[in-house]
Amino acid sequence: MTRPNVDLCVTLGRIAMRNPIATASGCSGYGEELARFYDLSRLGAIVTKSITLEPREGHLPPRLIETRAGMLNAIGLANVGLDLFLREKVPALAAHNVPIIVNVAGSTRDEYLQVAAALDAEPRIAGIELNVSCPNVKEGGIEFGIDPQALRSLVEAVRKRVTRATLIVKLSPNVTDIAVTARAAVEGGAEALSLINTLRGLAVDPWTGRPLLTNVTGGLSGPAVKPVALYMVRRVWQEVAGPRGIPILGLGGVQFVEDVLEFLRAGATAVAVGTANFVDPETGPKLADGLKQALEKLGCGSPRDLVGAMDLAK
Ligand SMILES: Cc1cc2nc3c(=O)[nH]c(=O)nc-3n(C[C@H](O)[C@H](O)[C@H](O)COP(=O)(O)O)c2cc1C
């Protein structure tokens, strides 16, 4: 087989990525930590920690523990808040020549709208990723992300304020059928979907009975969640995203180049790396390099050739 010239470029909504590898929200702050290890322009995009209107301290420690095949976290959306983020973190990140996607969280609809509108007004921000797995305090404590009506209406309202940046909605896996919430997000105006966020979990000290996290419950991530994430990416790609041409940013346990190939084949256009950064902070650029070689080996000229490509013949 002749080896093709591989072009790793993909587009997520209107975001041009030089390769399909991004960071996952919350696992590398605002980029400074990773910039100590490598040139961030080796990534396809950087996704920041969730930003809220006001600064947040998050939960008291312990807020992160290791599990047998991953991690359980309940950070509590600790972040510097919108003003400081725009004033200090955006200029620092913009120096790195990598598309910036800002993850947005809120406790109320108004908070999402205010934060999203302010970010849309900052031209150095390429994308806004809505984290809809937070409690909706004003409307009775449910998560926007698990109620299709609430989600659709939130995304519709945000869409009216976000006209420049690409709007991505990050789906929660804590639902019966993720195709239902995916459809709601797309009908509301999402241009891309990212999935999955963490799976709700619990860890208890077997001898004292005390929960190991101060918040009691947490979100599971890492290798343990990869098959769940792959299944959900496949389902969303088949039922909602594929037919409408909506790109998927797949995440959940991505660590090795084979994981990237699996996510592409399940239906993702790009992937994001979260927990694996705690094992090796250089995972992102190593995956980009490894993907080029893997695609050459497969005789593919582009990661796009693999999107959704599973062999289901009996
Ligand atoms: C320590 C930690 C903090 C996280 N913080 C956020 C966050 O602020 N916003 C968000 O949308 N997702 C957050 N996530 C979820 C990740 O972005 C990702 O969806 C999830 O961890 C699955 O990917 P992974 O297995 O590669 O970590 C966090 C995950 C971890 C482990």
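Among the residues of the range 18-27, is any out of contact with any Ser or Thr (no Cβ under 7 Å at 6 or more places or on another chain), open to solvent by 20 Å² or more (accessible area, probe 1.4 Å) and more than 16 Å from the ligand (Cβ to nearest atom)?
Let us first name the residues in the range 18-27 that are out of contact with any Ser or Thr (no Cβ under 7 Å at 6 or more places or on another chain), namely 18-19, 21-24.
Filter again for open to solvent by 20 Å² or more (accessible area, probe 1.4 Å), leaving 18.
Among the residues that remain, those that are also more than 16 Å from the ligand (Cβ to nearest atom) are: 18.
Checked the range 18-27: at least one residue is out of contact with any Ser or Thr (no Cβ under 7 Å at 6 or more places or on another chain), open to solvent by 20 Å² or more (accessible area, probe 1.4 Å) and more than 16 Å from the ligand (Cβ to nearest atom).
Of all residues in the range 203-217, none satisfies being within 22 Å of GLY245 (Cβ to Cβ) and more than 19 Å from the chain's Cα centre (by Cα). Checking each residue in the range 72-101 for being within 21 Å of ILE21 (Cα to Cα) and in a strand (DSSP E or B) picks out ILE100, ILE101. Find the residue count for the range 51-104, including only residues that are surrounded by fewer than 18 Cβ atoms within 10 Å (Cβ to Cβ), closer than 21 Å to PHE278 by Cα and of a type in the set (Gly, Ala, Ser). Adding up the residues that qualify gives 4. The set of residues from the range 110-135 being farther than 15 Å from LEU167 by Cβ and either touching a Ser or Thr at 6+ places or on another chain (Cβ under 9 Å) or in a helix (DSSP H, G or I) (or both) comprises ASP110, GLU111, GLN114, SER133, CYS134, PRO135. Among the residues of the range 67-97, those that are of a type outside the set (S, T, N, Q) and within 11 Å of the ligand (Cβ to nearest atom) comprise ALA69, GLY70, MET71, LEU72, ALA74, ILE75, GLY76, LEU77, ALA78. Report, by residue number, each residue of the range 175-219 that is of a type outside the set (S, T, N, Q), out of contact with any strand residue (DSSP E or B) (no Cβ under 8 Å at 6 or more places or on another chain), under 30 Å from ARG159 (Cα atoms) and open to solvent by 20 Å² or more (accessible area, probe 1.4 Å). Matches in the range 175-219: VAL175, ASP177, VAL180, ARG183, GLU187.
Right, LEU230: open to solvent by 30 Å² or more (accessible area, probe 1.4 Å) and either within 16 Å of the ligand (Cβ to nearest atom) or out of contact with any Leu (no Cβ under 7 Å at 6 or more places or on another chain) (or both) or not? It would help to see each step written out before you state the result.
On the way: open to solvent by 30 Å² or more (accessible area, probe 1.4 Å): no; either within 16 Å of the ligand (Cβ to nearest atom) or out of contact with any Leu (no Cβ under 7 Å at 6 or more places or on another chain) (or both): yes.
In short, no.
If you check SER107 against the conditions, is it within 14 Å of the ligand (Cβ to nearest atom), crowded, with 21+ Cβ neighbours inside 10 Å and in a loop (DSSP other than H, G, I, E, B)?
Numbers: within 14 Å of the ligand (Cβ to nearest atom): yes; crowded, with 21+ Cβ neighbours inside 10 Å: no; in a loop (DSSP other than H, G, I, E, B): yes.
Criteria not met by SER107.
Is it the case that the range 303-311 has a residue that's open to solvent by 60 Å² or more (accessible area, probe 1.4 Å), of a type in the set (Lys, Arg), without any contact (Cβ under 8 Å) to a residue 40 or more places away in the chain and out of contact with any Phe, Trp or Tyr (no Cβ under 6 Å at 6 or more places or on another chain)? If you could, list the steps in order and put the result at the bottom.
First pass over the range 303-311, keeping only residues open to solvent by 60 Å² or more (accessible area, probe 1.4 Å): 304-305, 310-311.
Subsequent filtering for residues that are of a type in the set (Lys, Arg) retains 304.
Among the residues that remain, those that are also without any contact (Cβ under 8 Å) to a residue 40 or more places away in the chain are: none.
No, the range 303-311 contains no residue that is open to solvent by 60 Å² or more (accessible area, probe 1.4 Å), of a type in the set (Lys, Arg), without any contact (Cβ under 8 Å) to a residue 40 or more places away in the chain and out of contact with any Phe, Trp or Tyr (no Cβ under 6 Å at 6 or more places or on another chain).
In the range 30-50, what count of residues is obtained for those that are open to solvent by 20 Å² or more (accessible area, probe 1.4 Å) and on the phi > 0 side of the Ramachandran plot?
Of all residues in the range 30-50, those open to solvent by 20 Å² or more (accessible area, probe 1.4 Å) come to 30, 32-33, 35-37, 39, 41-42, 49.
Those left that are additionally on the phi > 0 side of the Ramachandran plot: none.
Residues flagged as open to solvent by 20 Å² or more (accessible area, probe 1.4 Å) and on the phi > 0 side of the Ramachandran plot within the range 30-50 amount to 0.
The test for being more than 19 Å from GLY29 (Cβ to Cβ) and open to solvent by less than 60 Å² (accessible area, probe 1.4 Å) does not hold for GLU129.
Does GLY299 qualify as being modelled with pLDDT of 95 or more, small (Gly, Ala, Ser) and surrounded by fewer than 17 Cβ atoms within 10 Å (Cβ to Cβ)? For GLY299, the condition - modelled with pLDDT of 95 or more, small (Gly, Ala, Ser) and surrounded by fewer than 17 Cβ atoms within 10 Å (Cβ to Cβ) - is met.
The values are calculated or read from the model by the stated rules, or taken from the named source; none is laboratory data. The structure displayed is predicted, hence computed values, not measured ones. Note that we place each Cβ from the backbone using ideal geometry, even for glycine, and neighbour counts take in every protein chain shown. The area values use the complete protein model at the heavy-atom level, side chains included, leaving out ligands, DNA and RNA. Shrake-Rupley method; radii C 1.70, N 1.55, O 1.52, S 1.80 Å.
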